[in-house]
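Worksheet: one structure, shown below.
None of the figures in this text is laboratory data; all of them are computed from the coordinates on show. The shown structure was predicted, so the numbers you read here are calculated from the model rather than taken from an experiment. Here Cβ is always computed from backbone atoms with ideal geometry, including for glycine, and neighbour counts include all displayed protein chains.
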Amino acid sequence: MALLCLALLVAICPMCAGETGAEGWLRHNDLTTGSLPTLVAAVGSSNVVRTAANELVHALGNRPKAEGVAAQLPAKDAFVLGTWKDILALFPDLPAARLPAGDGFWLRTVRSHGAKYWLVIGRTDRGVLYGTFSLLARIAQQKDVTTLEDVQTPSAPIRWVSEWDNLDGSIERGYAGRSIFFDNGAVRADLTRVAQYGRLLASIEINGCAINNVNASPRIVAPEFIPQLARIADAFRPWGIKLAVSVDMSSPMVVGGLKTFDPLDPQVAAWWQRTADEIYKQIPDFGGFVVKADSEGRSGPSQYGRTASDAANVIARALKPHHGILMYRAFVYNHHLDWRDMKADRARAAYDYFHPLDGKFEDNVVIQIKYGPIDFQVREPASPLFGAMPNTSQAIELQVTQEYTGQQRHLVFLAPMWKEILDFDMHVNGVSAVKQIVTGKTWRRPLGGFNAVVNVGLDENWLAHPLAMANLYGYGRLAWNPNLSAEVISEEWARLTFGNNPQVVLTISKMLLSSWHIYESYTGPLGAGTLTDILGDHYGPGVESSERNGWGQWHRADEHGMGMDRTVATGTGFIGQYSPEVQKKYETLAACPDELLLFMHHVPYTYVLHSGKTVIQHIYDSHYDGAEQAAELVTQWQSVKGQIDDERYEDVLKRLRYQAGHAIVWRDAVVNWFFKTSGIRDEKGRVQAGSVWGQPPSAVLSSAARQ
Ligand code: GCV
């Protein structure tokens, strides 16, 4: 066993210099370390444990103390980091029963031979790294770490992120610059940012990253590309992040030169096997593949009359000998639906395709299901498919990248929305909240978990809006422990990102926690979907764009009323895809919650909600309230001036002012459209008389920016 005592290496924390946001929540510049040891001992030879030790040394670096390499446990107080078998050799009295499963960790203080030790123990080396980050986060939040006894176990084995990067360096739905992975058709020469991203991800216990667009270039698995992928895997490896890639079903033809990609063709199976073998030869810890097939024009098994299970299984079998995972996306739907057909319904698609295939997948296939049945809208019910595949492993797909939720130009903290979905009880098998299903608990599945689209870019602060990083942080924390509350997560993030000043923490947490509802109220009323330009860039108001096309994001608003009738009784029958208990919540107007009313029912504008308002008055009021609250975000932020660094203060202020202006643009476009369409007056008289009424959006935005 090697025991390495690391000297504290740096005298000055280099991150204190500027507040660019590059360090995210890992600034390490507010640490009170008075009573803590100055020595860090890494036990064993794992590179990941060494990464953990270096992180600790780096973070505590203002208290240098050279010790060099020691052959045995230091005779003085120290942090001691290692995997269970190595730590047990040094501390044989530790109770083995406490050891967590999977990538879990155990933080414990012990006294031995007159010294005190802060043990960071993992069953795996990743566990040691996660324990170290957890310890540092406590120190940074000024929590007492003089005595520790904490065991944490991850909720699920799959805690991945997905990047929609293209090989030319562009990013589909990327809002923070170009790809950190690719440029000009190849992997970048300089992968510094990849390693830095690995560090951020590891600190929130993410263990896999699929680096390319699910609309995948077949070239990603071409023989000449695999060595390039290996370089990315090398950059991630010290942080315990497994590399994964998205693959296109037609790869055996396009890259392999075969005449077919029929998943049942033996030559196709052999090609996938050869490809997987080659990848694992060069990247032994490769995570696996993500597949988008038969969706939005992508190639897929339907071209050969085959099913999703045929397609998934041929690839999964190739990965299986190497312990690789195949994430097959349930985002499969017909985007040429007939909008005149009142029974047609895109929301039904995932269940209709995948439920009949339950139990037909290899055991290393995971069906990756978007949280709602449409597409990352500001409000959707939980996908009914979560409750319909008891014999298949599942993962929930979330979207950190704010495609429909303001594109990182609006502040929208998504953890409260994700919590509502994760906590939603599908009533299928006793313990059956979505979080219990996707983590494999409900049906005792061996695999399961989380994958979120993130789309970080070369922008120094990763996601463009400094406050958008709360979403990445929140995603990781929930994937690790979906029982955490949005309140706890927002406070943790605010402390780690902006320091421990109570007023700053309170203000930022409050802003984060209110932001989803604010955005919802000026963009997507009562579950109608985000009323945005769905045919273009999914940004800004575009009420009409959802209708009269095959994409199926219909809200069916006309002069009489609004909403999709998805009832069993008179509608598309979508509600019938849920368990009887859930059907009861949605099928009748009396039971259906206001916030999902227009997702489930078509009603006249004069229909009276549980809130006591009519639908039309709710639309008017919520848009005015939302725009007002967006303006209040500016005022709230101004209260932290001088209490945080100027760089991030000014950056956020500028964005919030823009948001306030854009909320007015949204408000006016939406209320005007509904007034013109319904002919029903706003009972508060604002819709005709509003002071900015009729101004072009550019005028509203520039006047907001000047405020
Ligand atoms: C990567 C939506 C997005 C697409 C995305 C797709 C998907 O339709 O707008 O950009 O494609 O979802 O999740 O596959």
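A compact table of results
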read-out	value
Over the chain, relative contact order from alpha-carbon pairs under 8 Å, at least 6 apart, %	11 percent
Size of charge dipole - the chain - debye, nearest 20, with Cβ of Lys, Arg +1 and Asp, Glu -1, no other charges	1180 debye
Trypsin sites (Lys or Arg not before Pro) lying in DSSP loop within the range 226-334, provided at most 14 other Cβ fall within 10 Å	LYS259
Distance between modelled label sites at LYS76 and GLU628, nm, 7 Å Cα→Cβ extension	6.3 nm
Gyration tensor verdict on the chain (Cα atoms; rounded if a/c is under 1.5, prolate if a/b is larger than b/c, oblate otherwise)	oblate
Two-site label geometry, ASN481 and LEU535: point separation in nm, points 7 Å out along Cα→Cβ	4.8 nm
Linear extension gain, ASN29 paired with ASP645, 0.36 nm per residue minus alpha-carbon span	220.5 nm
Nearest-0.05 FRET efficiency for GLU224 and LYS259, computed from C-beta distance (R0 25 Å)	0.70
Using a Förster distance of 30 Å, the FRET efficiency for ASP310-THR588 (Cβ separation, nearest 0.05)	0.15
Spin-label pair GLU296/ASN215, simplified geometry with 7 Å Cα→Cβ offset, distance in nm	0.6 nm
Linear extension gain, LYS510 paired with ASP168, 0.36 nm per residue minus alpha-carbon span	119.1 nm
Cα shape, the range 95-195, gyration tensor, a/c 1.5 rule	prolate
Principal axes of the range 142-259: Cα extent on each, largest first, Å	64, 28, 26
Paramagnetic label zone (point 7 Å from Cα along Cα-to-C-beta, ASN549; backbone N under 17 Å) in the range 496-533	529-533
Size-normalised alpha-carbon gyration radius of the range 362-431, reference 2.2 N^0.38 Å	1.22
Listed residue pairs exceeding 18 Å between alpha carbons, taken from LYS370/LYS419; LYS510/LYS613; LYS242/LYS281	LYS510/LYS613
